[in-house]
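Reading through the structure tokens given below for one structure.
The values are calculated or read from the model by the stated rules, or taken from the named source; none is laboratory data. The structure presented is a predicted model; accordingly, all values stated were derived computationally and were not measured. With ideal geometry, Cβ positions are generated from the backbone for all residues, glycine too; neighbour counts draw on all protein chains shown.
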Number of protein chains: 2
Amino acid sequence: MVKVTLIGTSGLLPVPDRALSAALLECGGHSVLFDCGEGTQTAARRTGCSLMKTDIIALTHYHGDHIFGLPGLMQTMFSMERSKPLYITGPEGLRNVMRPMLELTGELPFDVIPVEINGGLRPADIIKGFPPEARITPFETKHRVKSCGYVFTLDRAGRFDPQSAKSLGIPMELWGRLQRGETVEADGRRFSPEQVTGKARRGIKIVFTGDTAPCDSLTDAAQDADLLIADATYAEDEHLPLASERGHMTFSQAAQCAAQAGVRELWLTHYSQRIKEPEMYIPVVRNIFPGTVCGRDGMCRVINFGE
Amino acid sequence: MVKVTLIGTSGLLPVPDRALSAALLECGGHSVLFDCGEGTQTAARRTGCSLMKTDIIALTHYHGDHIFGLPGLMQTMFSMERSKPLYITGPEGLRNVMRPMLELTGELPFDVIPVEINGGLRPADIIKGFPPEARITPFETKHRVKSCGYVFTLDRAGRFDPQSAKSLGIPMELWGRLQRGETVEADGRRFSPEQVTGKARRGIKIVFTGDTAPCDSLTDAAQDADLLIADATYAEDEHLPLASERGHMTFSQAAQCAAQAGVRELWLTHYSQRIKEPEMYIPVVRNIFPGTVCGRDGMCRVINFGE
């Protein structure tokens, strides 16, 4: 089960009724925060989410509206007596951003560990108890600065076949370990999960674009996702030149990307402050991709296997 | 005329219904922002104040809850195409704080000028059009780090006496300049304002304590103020030891200070998040100082000469 909460849906500037873009993903008792603009900690409290136990903060790029909430959040974690390490991931340049951040917070009683991710991250490799089937994979996006989006996947093994296990003579007390993906031994023989499970089943895939103009790497990364949370800074097609110049998408471009990638659902976010009522534009956009939903602060969705 | 708006009234942590402590003072078309915690720019928009034209940001100390809104505010000023310089004042250590702040914002199209104030500041000396009668004077406070409070005063000259002016033979067209405090010449003779005005009249005095435990320098600075905006982190007397340890005041201590200083009105602010309804405690505190008011986000007051 994966739970996703949109903490804020505003782009560029914080506005009174929309916090800056940030989203929280919870999975197996752990959580990943995607971006952290000024006010993210307060906005999270408004949605009922706690950020205090966040394991990983995944930054898409280093513009202020995506990172200026970090010093305050880290100091609040300090006040709340956090002791476990905080992993912060992001594209190239992360250390240059974290240095002044940590100068501002002063010494913290927990470790802040910057991880510039290029090849992807298996949270279970660094965080005890994180589901081993979970992966966070960055992909290149097209913004005015070095930037990336993230694919969160939770793999699902094939169905366990008790008949095969029986016919191979594997003792029943070892079945659980095989189902969890381990290789086991019995009577001097080794059995691997592949021998007793069917083909891998559809897992869960959630994609965060961060700030980006349309690009092939995004369409590729979003293939077949359950949920695509996408930059939709501008509502109207007349702002296409502006979107292109500033490395953002319009509502229509986000919907085209969702359609091309064959995702199940699209959430629009990172609205310009000119957009007062994003829902006004939705009928047009649903002609391009019917599964489009206007993100709003506090919107939340639980995705289970096999939906 | 001076207008004061409480932008936020929360201390230490931002909470959903109270922004971090900050106050805006407007005078003669100019403005001074006192402290700037995370979320101050959004909170200001909620109160209907614009911070975009702020001339001076006066910091009381460098704990995160008083300064982490600065990088975002400066970037928003950038987006809004500010070009005039921004003065930032504060106690010793200001440059060490501003360096990482400006590393985070990157280059700005306006000058950010740090002014470590010790001897006081006449905004008119640095900002064109700021009323020359206005002064911002810091005073030492008692917190866990180097800290100060600020006294804002707007002086008021004595009453102009037309009879004296006439009997001295000063031409009427020069009276206006004398009333504005200038020395004039007529028929080879010099006339100074003192010759034609009575004793200086009561001006306007507003005091911001920032974070502090009770101390003599605060009581001295607050003497006879029209408005004292005071640290009131803890509501109940049972928290006196905690207040003392952490360099804050309880409601009662703030009221005692107001009573000793003979101020006209006291606004409590910087509430701990434990305080849900500050008004609950007000009857007790009004026994100590009847002019006590519980600050709340967006509270605003215009103070005129001669009230």
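Could you tell me whether B:D231 is surrounded by 19 or more Cβ atoms within 10 Å (Cβ to Cβ) and touching a Lys or Arg at 6+ places or on another chain (Cβ under 6 Å)?
no
Let me spell it out: the conditions are (1) crowded, with 24+ Cβ neighbours inside 10 Å; (2) more than 13 Å from the chain's Cα centre (by Cα); (3) not in a loop (DSSP other than H, G, I, E, B), and A:E38 meets all of them except one. Which number is the exception?
Tallying (1) crowded, with 24+ Cβ neighbours inside 10 Å; (2) more than 13 Å from the chain's Cα centre (by Cα); (3) not in a loop (DSSP other than H, G, I, E, B), A:E38 fails exactly one: (3).
For segment A:254-307, give me every one of the strands (runs of 3 or more DSSP E) that falls completely inside it and has 1 or more residues that are touching a Leu at 6+ places or on another chain (Cβ under 9 Å) and charged (D, E, K, R).
Hits in segment A:254-307: A:300-303.
Tally the residues that are touching a Leu at 6+ places or on another chain (Cβ under 8 Å) and within 9 Å of chain B (Cβ to nearest Cβ), restricting the search to segment A:79-96.
1
Taking the residues in segment A:149-177 that are free of Cβ contacts under 8 Å to residues at least 24 places away in the same chain and surrounded by 15 or more Cβ atoms within 10 Å (Cβ to Cβ) as candidates, determine which candidate is nearest to A:T137 (Cα to Cα).
The extreme case among them is A:W175.
Quick one: which of A:E277, A:E265 is of a type outside the set (G, A, S) and free of Cβ contacts under 8 Å to residues at least 12 places away in the same chain?
A:E277
Which of the residues belonging to segment A:58-91 are β-branched (V, I, T) and outside any loop (DSSP other than H, G, I, E, B)?
Within segment A:58-91, A:I67, A:T76, A:I88, A:T89 meet the criteria.
How many residues does segment A:25-76 hold that are in contact with a Pro (Cβ under 8 Å, 6 or more places away or on another chain), within 11 Å of another protein chain (Cβ to nearest Cβ) and among the small types (G, A, S)?
Summing the residues that are in contact with a Pro (Cβ under 8 Å, 6 or more places away or on another chain), within 11 Å of another protein chain (Cβ to nearest Cβ) and among the small types (G, A, S) in segment A:25-76 gives 4.
From B:D220, B:D211, grab the single residue that is touching a residue at least 40 places away in the same chain (Cβ under 8 Å), acidic (D, E) and outside any loop (DSSP other than H, G, I, E, B).
From the options B:D220, B:D211, the qualifying one is B:D220.
I'm told A:F208 meets every condition in (1) surrounded by fewer than 17 Cβ atoms within 10 Å (Cβ to Cβ); (2) at pLDDT 95 or above except one. Can you identify the failing condition by its number?
Unmet condition: (1).
For residues that are under 21 Å from the mean Cα position of the chain (by Cα) and at positive phi, scanning just segment B:91-125, find the one that is modelled with the highest pLDDT.
Filtering segment B:91-125 for residues that are under 21 Å from the mean Cα position of the chain (by Cα) and at positive phi, the one modelled with the highest pLDDT comes out as B:G93.
State whether one or more residues within segment A:46-58 are crowded, with 22+ Cβ neighbours inside 10 Å and acidic (D, E).
Within segment A:46-58 (the criterion being crowded, with 22+ Cβ neighbours inside 10 Å and acidic (D, E)), the answer is no, since none of the residues qualifies.
Which condition number in (1) under 29 Å from B:T76 (Cα atoms); (2) assigned to a helix (DSSP H, G or I); (3) out of contact with any strand residue (DSSP E or B) (no Cβ under 6 Å at 6 or more places or on another chain); (4) among the hydrophobic types (A, V, I, L, M, F, W, C) is the one that A:A243 fails?
(3)
Sort through B:T9, B:T40 and tell me the only one that's closer than 13 Å to B:C300 by Cβ and of a type in the set (S, T, N, Q).
Result of the check over B:T9, B:T40: B:T9.
Suppose we filter B:V15, B:V2 for residues that are touching a residue at least 12 places away in the same chain (Cβ under 8 Å) and away from chain A (no Cβ under 14 Å); which single one remains?
B:V2
Among what's in segment A:103-147 and is within 12 Å of chain B (Cβ to nearest Cβ) and crowded, with 17+ Cβ neighbours inside 10 Å, pick the residue that is farthest from B:E103 (Cα to Cα).
Taking the candidates together, the pick is A:T105.
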